[in-house]
1. Here is a check on your reading of the model: is residue 5 open to solvent by 40 Å² or more (accessible area, probe 1.4 Å), part of a helix (DSSP H, G or I) and in contact with a strand residue (DSSP E or B) (Cβ under 9 Å, 6 or more places away or on another chain)?
2. How many of the residues making up the stretch 32-89 are under 16 Å from residue 9 (Cβ atoms) and among the hydroxyl-bearing types (Ser, Thr, Tyr)?
3. Checking the structure you have, find out if any residue of the stretch 34-45 is more than 16 Å from the chain's Cα centre (by Cα) and in a helix (DSSP H, G or I).
4. Which of (1) in contact with a Lys or Arg (Cβ under 8 Å, 6 or more places away or on another chain); (2) closer than 28 Å to residue 70 by Cβ is the odd one out, the single condition residue 9 does not satisfy?
5. Take the stretch 56-78 and flag every residue that is over 22 Å from residue 3 (Cα atoms) and either open to solvent by less than 60 Å² (accessible area, probe 1.4 Å) or hydrophobic (A, V, I, L, M, F, W, C) (or both).
6. Does the stretch 46-78 hold any residues that are among the hydrophobic types (A, V, I, L, M, F, W, C) and more than 15 Å from the chain's Cα centre (by Cα), and which are they?
Amino acid sequence: MGMDKLYSFKKWKNSEKILEDHDLYVYPRVSSSNQEPELLKHEKVHLVDAPLMEISSTFIRNAIKNDKNIRPLMPYKAWKYLDEMNFYK
């Protein structure tokens with residue numbers, strides 16, 4: 001998930017159960033906040049060492065709605081699944 005979603009993760013339905021059963025891998029984001037989310041210190045939350053990119057799930061959804069080619073931005077299997085299932089169209 002993107003770092004921006006980690007700020008509100010505790011508000012998610014079953015967030016405690018998710019953290020109990022799974023590790024979370026967090027992609028860094030450019031943020032206007034100077035403060036890191038508290039959950040970043042949790043033993044099951046891992047910050048991914050990756051370059052900062054201005055791309056998000058919202059960007060992907062909007063691009064699909066606007067009939068833009070997002071294939072180069074995603075793993076092939078993920079793109080193929082979204083395309084076959086007609087998600088976000």
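The values are calculated or read from the model by the stated rules, or taken from the named source; none is laboratory data. Note that the coordinates shown come from a computational prediction; the quantities given were computed from them, not determined experimentally. We place every Cβ from the backbone using ideal geometry, glycine too, and count neighbours over all the protein chains shown. Heads up: the accessible areas ignore ligands, DNA and RNA and are worked out on the full protein's heavy atoms, side chains in. Shrake-Rupley method; radii C 1.70, N 1.55, O 1.52, S 1.80 Å.
1. Against the criterion (open to solvent by 40 Å² or more (accessible area, probe 1.4 Å), part of a helix (DSSP H, G or I) and in contact with a strand residue (DSSP E or B) (Cβ under 9 Å, 6 or more places away or on another chain)), residue 5 qualifies.
2. Counting residues in the stretch 32-89 that are under 16 Å from residue 9 (Cβ atoms) and among the hydroxyl-bearing types (Ser, Thr, Tyr) gives 3.
3. yes
4. Against the list (1) in contact with a Lys or Arg (Cβ under 8 Å, 6 or more places away or on another chain); (2) closer than 28 Å to residue 70 by Cβ, residue 9 comes up short only on (1).
5. Across the stretch 56-78, the qualifying residue is only 64.
6. Scanning the stretch 46-78 gives 63, 64, 70.
Table: residues versus (1) surrounded by 10 or more Cβ atoms within 10 Å (Cβ to Cβ); (2) of a type in the set (S, T, N, Q); (3) at pLDDT below 95.
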{"position": "18", "(1), (2), (3)": "yes, no, no"}
{"position": "23", "(1), (2), (3)": "yes, no, no"}
{"position": "30", "(1), (2), (3)": "no, no, yes"}
{"position": "34", "(1), (2), (3)": "no, yes, yes"}
{"position": "39", "(1), (2), (3)": "yes, no, yes"}
{"position": "44", "(1), (2), (3)": "yes, no, no"}
{"position": "49", "(1), (2), (3)": "no, no, yes"}
{"position": "53", "(1), (2), (3)": "yes, no, yes"}
